[in-house]
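Working notes, structure below.
The values are calculated or read from the model by the stated rules, or taken from the named source; none is laboratory data. Here the structure is a predicted model, which is why all the values come from computation and not from measurement. A quick note on method: Cβ atoms are made from the backbone with ideal geometry, for glycine too, and the neighbour counts reach across all protein chains shown. Areas reflect the complete protein model, heavy atoms only, side chains present, ligands, DNA and RNA absent. Shrake-Rupley method; radii C 1.70, N 1.55, O 1.52, S 1.80 Å.
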Amino acid sequence: MMSTTSFPCPICRMTTSPVQLAESRAKWAEQFPTNSLIQDLIQLKERSSEPLYCKPCQTKGNLNNPASYWCKTMNENFCNICKLELHDIIHTECDILDVTGNHSKRLNRETSAPRCYQHGEKMVRYCEDHQRLCCNECVIEDHRSCGKVPKMKEYCHKVKAGSQLEDMQAALKKGNDRLNS
């Protein structure tokens, strides 16, 4: 049984009923972008309660062959054999998850890039001007005039090389100081 007690709003101090309060909270939550990673995990959790069988094996008549992998792109399950003989030939760079025990373990490390909240694409570039990750669509739409927007791998290599150079300079300076003293 719901109480008819009213609550004052902390911002505008207006009195609000519990029904109005619930409605305003729902509207407030709708303003945030949908997180595709969370949705994928929820979908995978819902699927984990049902038995997972290999889809290609089921079409061949073997209805109870357990699945070991789930392809996010195709939204289908695969056993070890079908993954190697069918899936890996067609999809060389897609999100495939090991569903045998560790649901969050990604097999292809390159596909573990975070997703763009605007476009749902993988964020594979880094804008040095804005110091943020972005997808290819963001580069076209928002970062066209930016000076440097390299791929993340290139940027990481550049940063690593830069820190190694600084380490080498510090070591050379230290050695030079010792020689001079």
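For the stretch 50-98, which whole-number percentage of the solvent-accessible area (1.4 Å probe, protein heavy atoms only) is attributable to carbon and sulfur atoms? Can you show the working numbers first?
Working: 1510 of 2850 Å².
Accessible surface attributable to carbon and sulfur in the stretch 50-98 totals 53 percent.
Would you calculate the convex hull of the Cα atoms in the stretch 50-98 and tell me its volume per residue in Å³?
Numbers: hull volume 3.5 nm³, N = 49.
Dividing the Cα hull volume of the stretch 50-98 by its residue count gives 71 Å³.
Before I look further, what does the stretch 141-181 give for accessible area per residue, probe 1.4 Å, in whole square angstrom? Please report the intermediate quantities before stating the final value.
Details: 3720 Å² over 41 residues.
Computed with neighbouring chains in place, this is 91 Å² per residue.
Treating cross-link reach as a plain straight distance, find the lysines whose alpha-carbon is under 26 Å from the alpha-carbon of LYS60, omitting any fewer than eight places away in the same chain.
LYS72, LYS83
If you add up the charges near GLU166, with Lys and Arg at +1 and Asp and Glu at -1, over every other residue whose beta carbon is less than 14 angstrom from its beta carbon, what do you get?
Working: positive: LYS158, LYS160, LYS173, LYS174; negative: ASP167.
Residues near GLU166 contribute +3 overall.
Starting from the amide H of GLU76, placed 1.01 Å from N in the peptide plane, find each other amide H under 5 Å away whose residue is 5 or more places distant or on another chain.
CYS71
Under 22 Å between alpha carbons, and skipping anything fewer than 8 positions from LYS160 in its own chain: which lysines qualify?
LYS148, LYS151, LYS173, LYS174
Rolling a 1.4 Å sphere over the protein heavy atoms, what is the accessible area per residue of the stretch 50-98, to the nearest Å²? Spell out each step's value before the answer.
Working: 2850 Å² over 49 residues.
That works out to 58 Å² per residue.
Bin width 10 Å, origin at 0, all Cα-Cα pairs of the stretch 113-162: what percent of pairs per bin?
Reading upward from the zero bin: 29, 55, 15, 1.
Which whole-Hz ³J(HN,Hα) couplings does the stretch 53-65 yield from phi under the Karplus relation 6.51 cos²θ - 1.76 cosθ + 1.60, θ = phi - 60°, glycine and proline marked x?
10, 5, 5, x, 5, 5, 5, 8, x, 8, 6, 10, 7
Tally up the carbon and sulfur contribution to the accessible surface of the stretch 113-162 as a whole percent, 1.4 Å probe, everything protein left in place. Please list the in-between numbers first.
Working: 1750 of 3460 Å².
Within the stretch 113-162, the accessible surface is 51 percent carbon and sulfur.
Quick check: pseudo-label points 7 Å beyond the Cα along Cα→Cβ at TYR53 and GLN169, how many nm apart are they?
A separation of 6.5 nm, rounded to one decimal place.
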